[in-house]
1. Being polar (S, T, N, Q) and assigned to a loop (DSSP other than H, G, I, E, B) is the filter; apply it to region 110-140 and report the residue that is farthest from Ala13 (Cα to Cα).
2. Considering only region 278-297, state which residues are buried (at least 20 other Cβ atoms within 10 Å of the Cβ) and either in contact with a helix residue (DSSP H, G or I) (Cβ under 6 Å, 6 or more places away or on another chain) or among the hydrophobic types (A, V, I, L, M, F, W, C) (or both).
3. Would you mention how many residues in region 298-315 are touching a helix residue (DSSP H, G or I) at 6+ places or on another chain (Cβ under 8 Å) and in a strand (DSSP E or B)?
4. Just name the residue that is surrounded by the most Cβ atoms within 10 Å (Cβ to Cβ) out of those in region 316-328 that are touching a strand residue (DSSP E or B) at 6+ places or on another chain (Cβ under 7 Å) and in a loop (DSSP other than H, G, I, E, B).
5. What's the number of the condition Thr127 fails, among (1) in the same structural domain as Pro79 (by TED's automatic domain parsing); (2) touching a helix residue (DSSP H, G or I) at 6+ places or on another chain (Cβ under 7 Å); (3) more than 29 Å from Thr337 (Cβ to Cβ)?
6. Can you tell me which residue is surrounded by the most Cβ atoms within 10 Å (Cβ to Cβ) among those in region 95-138 that are free of Cβ contacts under 8 Å to residues at least 60 places away in the same chain and hydroxyl-bearing (Ser, Thr, Tyr)?
7. If only one of Ala299, Ala225 is outside the structural domain of Ile338 (by TED's automatic domain parsing) and either modelled with pLDDT of 85 or more or not acidic (Asp, Glu) (or both), which one is it?
8. Given (1) outside any strand (DSSP E or B); (2) within 18 Å of Ala347 (Cα to Cα), identify the lone condition not met by Pro42.
Amino acid sequence: MNYTDTEVVVIGAGQAGLSSAYHLRRAGFEPGRDFVVLDHSPRPGGAWQFRWPSLTYGKVHGMHALPGMELTGADPERPSAEVIGAYFVSYERAFALPVRRPVQVKAVREDPREGSDRLLVETSAGTWAARAVISATGTWDRPFWPRFPGQEAFRGTQLHTAQYPGPRTEPFTGKRVIVVGGGTSAVQHLLEIGEVAADTTWVTRRPPVFREGPFDEEEGRAAVARVEERVRDGLPPRSVVSVTGLPMTDAMRRARASGLLERLPLFERITPGGVVWPDGRTAPADTLLWATGFRPVVAHLAPLRLRERGGGIRLDGTRAVRDPRVHLVGYGPSASTIGANRAGRTAVREIRALLAGTGTRGDVRGRPLESIAATAAA
């Protein structure tokens, strides 16, 4: 079998992957030779390119610029998919990042060659043999669909946030819609769908917590710490938003006053024409919209047996405890745009230390990043 040797393979070219690539280049790793970025998407933009058209840039919650290049002058009325997609295109070009796409990563496993300390990254475009892997695959490709008795018999439409086409579309206009989920996406969907639907019902597993006032740095650190604790214990991570509550906006205040955000507890089963609660209460529905979140995309790491008994991958920083050659960025506490930026820097610092300790190119140095960017843009 033919392998392409490299120092680091980055899997994914969303916020986490591009941040990692930036810091690799800044540390002196040569693009294309010392590291490569493999992305399964057809074009730049990460998960943002798949967001619904009505999610304009002005409605985006907590978007932080990639390291080294600000996102400026964006029209808040343009779809976020267009704005951020174009920004990612410019970013990849400015720093000449070695992104190959579309490439499907099938598995990461031990190199069976005698004496090798490398990992094999098996893909639709061949196999790379790397000394370290940064998995920055996010969650968008693994939407979570809860299961309820009677769900298969439902006669209406069922959609997940990952498939949401926007409010003024056939599944919602003039329809009776039940939105399931207590996160930011669920509220955004309700605010939009409420304008066109015949009726909406909001259902959540737990009572939603609305957060008033600014969210300061201390609160942010505390929220990240709670998510990080789960990851250190080897449990599946929760999102940072799940422990911070929903940021209250003027639009949400108006929606609460009008009754649009009146929440009901989770139903017990689904019927062909709606849902039923344990006390016998029913609600008719034409559409069930599952805003029930996503799970980390880590199946490609299964051959390395990194999961703990609790079901998650235990990390020390970004490093997998069971294999220090593997780093997860955009996982658990770093599953936010600012968290991904910081985690990319941390992963590269730890990988340099790892490679230096094994006598490889961990001590590489490059030209100043400004010089590299200027050369790439010329």
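The values are calculated or read from the model by the stated rules, or taken from the named source; none is laboratory data. Worth saying up front: this structure is predicted, and the values here are computed from it rather than measured. With ideal geometry, Cβ positions are generated from the backbone for all residues, glycine too; neighbour counts draw on all protein chains shown.
1. Filtering region 110-140 for residues that are polar (S, T, N, Q) and assigned to a loop (DSSP other than H, G, I, E, B), the one farthest from Ala13 (Cα to Cα) comes out as Ser116.
2. Across region 278-297, the qualifying residues are Ala285, Leu288, Leu289, Trp290, Ala291, Val297.
3. In the first step, residues of region 298-315 are kept if they are touching a helix residue (DSSP H, G or I) at 6+ places or on another chain (Cβ under 8 Å); the result is 312-315.
With in a strand (DSSP E or B) added as a condition, the list becomes 313, 315.
Selection size over region 298-315: 2.
4. Selected residue: Thr318.
5. Among (1) in the same structural domain as Pro79 (by TED's automatic domain parsing); (2) touching a helix residue (DSSP H, G or I) at 6+ places or on another chain (Cβ under 7 Å); (3) more than 29 Å from Thr337 (Cβ to Cβ), Thr127 violates only (2).
6. Ser116
7. Numbers: Ala299 fails: outside the structural domain of Ile338 (by TED's automatic domain parsing).
Being outside the structural domain of Ile338 (by TED's automatic domain parsing) and either modelled with pLDDT of 85 or more or not acidic (Asp, Glu) (or both) holds for just one of Ala299, Ala225, which is Ala225.
8. For Pro42, the failing item is (2).
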